[in-house]
Structure formats: structure tokens, C-alpha cells
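The values are calculated or read from the model by the stated rules, or taken from the named source; none is laboratory data. What you are looking at is a predicted structure, and each value in this text was computed from that prediction instead of being measured. All Cβ positions, even for glycine, are placed from backbone atoms using ideal geometry, and neighbour counts span all protein chains on display.
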Amino acid sequence: MDMKLIAMLLMLLSATAVLGEEADPDPWEGFNRKIFAFNETMDEYIAKPLAQGYQYITPEPVDQSVTAFFSNLGDVLVIVNDLGQLKFAQAASDTARFLINTTVGFFGFFDVATHIGLEKHNEDFGQTLGYWGVGTGPYLMLPILGPSTVRDTGGRTMDYFSGISYTDVGDTLAKEAGLFAVNNIDGRADLIASEGLISGDRYTFIRSFYLQRREYLVNDGQVEDEFEDWDDEQWDDEEDDWGDDWDAGTVE
């Protein structure tokens with residue numbers, strides 16, 4: 001990562017420390033809704049049809065193996081962020097998980113570690129920044145990538161330039177793009193069955209879900225429900241599936 005990028009990130013993160021105290025989590029709602037409408041159009045005509053086609057031709061065991069493969073690649077970033085948050089016991093567990101799934105699980109295509117009691121964790125640079133007190137900043141809808149915040153956008157940038165993202169397995173830009181596409185199509189396919197659970201205004205519902213999910217992850221489950229348009233009971237059975245796909249960057 002070059003010095004100009006580091007300086008830009010430091011400026012961005014300094015701003016989030018102030019913006020994180022905003023009472024309104026979505027002061028850029030007008031702009032965000034325009035990007036959301038663009039993403040919805042892209043989803044309707046490109047992402048969802050591709051996901052439906054993928055789902056139609058892919059047997060369930062193969063689909064599960066593809067999901068497990070990308071989850072295993074993502075565990076490298078998880079381990080680094082475990083250490084960044086001083087979660088040393090969790091880092092040891094996640095390291096063991098990665099080694100077992102990479103070897104016994106045939107490069108992660110089979111999630112052996114979960115079956116022997118090694119729990120899957122989700123950590124990223126956005127959460128690590130939150131751990132060290134960087135404010136959330138305003139909600140931000142990104143083109144193609146979907147919901148984020150100013151802090152999480154900085155975290156995503158750090159993920160990408162870290163050199164240990166799942167796309168870094170590819171040694172050319174084309175291979176990196178292919179990995180990104182397959183992971184996102186796989187994740188989008190996994191969400192099709194849950195789409196009917198979204199009620200009311202889609203933008204507001206997805207914003208509330210995203211913000212509450214991120215607060216939950218940053219605080220390791222110790223959160224208060226501050227989003228009045230969120231229905232906990234409706235999502236008890238589906239939250240983990242949606243959350244995992246959001247953490248993988250596959251939800252718009």
C-alpha cells in the first residue's frame with residue numbers, strides 16, 4: 001500500500017471519528033437512494049438472473065462447497081483482524097480452522113472444522129477500526145458493492161489492499177475479477193429464498209439490517225436495539241444467513 005493511499009485513509013478515518021457521533025445515521029439519504037435504485041436495477045437485470053441460473057444448474061452439495069471454499073479463503077483476513085482486536089484465543093481457533101479446512105477439507109471445499117467444533121467467526125478491518133474507537137460515520141450506499149458506512153468503506157479499502165483478500169489468490173486481474181464474480185453470484189443465489197422476508201420500504205429495511213448487523217459484530221453481540229423499523233422476531237431464523245452473505249460482500 002503506497003504512502004499516498006495510507007495518508008488518504010488516515011484523513012478518511014479521522015473524519016469518521018467526528019462523523020460517527022451524528023444523530024442521523026443517514027444524512028446522505030437522497031444520494032444513497034439514487035445509488036440504491038441503480039443497484040436494484042443492476043440486481044434485477046444482471047445479478048439475480050445470473051444467481052438464478054447458477055442455482056438452477058448447481059447441485060446443492062456443489063453450491064455448499066463453493067460457499068465453503070470462499071469462506072475458507074476469507075479466514076485469512078479474519079485471523080489478521082482477530083489479532084488486530086487482541087482476540088488471541090479466537091485467532092488461535094481460526095488459525096486451526098483454516099489449516100484443517102485447507103488440508104483435510106481439500107482447500108476449503110469441505111468445512112471439516114465446523115463439524116469438529118471450531119466455530120466460524122467474522123472479522124474485518126471495518127470491525128477492527130471500530131474496536132479501536134473509530135466512529136461509524138454516515139451510512140453510505142456504494143455502487144455494486146451495496147450498503148456500507150464511511151468507516152466500513154475505509155475498512156473495505158484496507159481489506160482490498162491488504163494483499164490477503166480472497167481475490168488475491170488470483171495472479172492476474174482477470175482471475176481476481178473471476179473470483180469476485182463467482183463469490184458474489186454464489187452469495188446472491190443463497191439469498192433468493194429469503195427475499196420475501198423484506199417488508200415495507202426496501203431501502204429503509206436494508207439500511208436498518210446493515211447498521212444493526214455491523215453494530216452487533218463490532219460489539220461482539222453486546223448491542224441495544226436502536227432501529228425502530230427492525231423486526232427481531234421475523235428474522236430470528238434468517239439473520240445468520242443474511243449476515244454471512246453481507247460479511248462476504250454479496251448483498252446489495
Qualifying positions in region 1-41 - among the hydrophobic types (A, V, I, L, M, F, W, C), surrounded by 14 or more Cβ atoms within 10 Å (Cβ to Cβ) and at pLDDT 95 or above: W28, I35, F36, F38
Conditions (1) assigned to a helix (DSSP H, G or I); (2) among the polar types (S, T, N, Q); (3) in contact with a Leu (Cβ under 8 Å, 6 or more places away or on another chain); number of the one not met by S148: (1)
Meets criteria (over 14 Å from the mean Cα position of the chain (by Cα) and surrounded by fewer than 22 Cβ atoms within 10 Å (Cβ to Cβ)) for L173: yes
Qualifying residue in region 58-78 (condition: small (G, A, S), assigned to a helix (DSSP H, G or I) and touching a helix residue (DSSP H, G or I) at 6+ places or on another chain (Cβ under 7 Å)): yes
Top-ranked residue of region 69-122 - restricted to ones that are among the polar types (S, T, N, Q) and touching a residue at least 60 places away in the same chain (Cβ under 8 Å), ranked as surrounded by the fewest Cβ atoms within 10 Å (Cβ to Cβ): N122
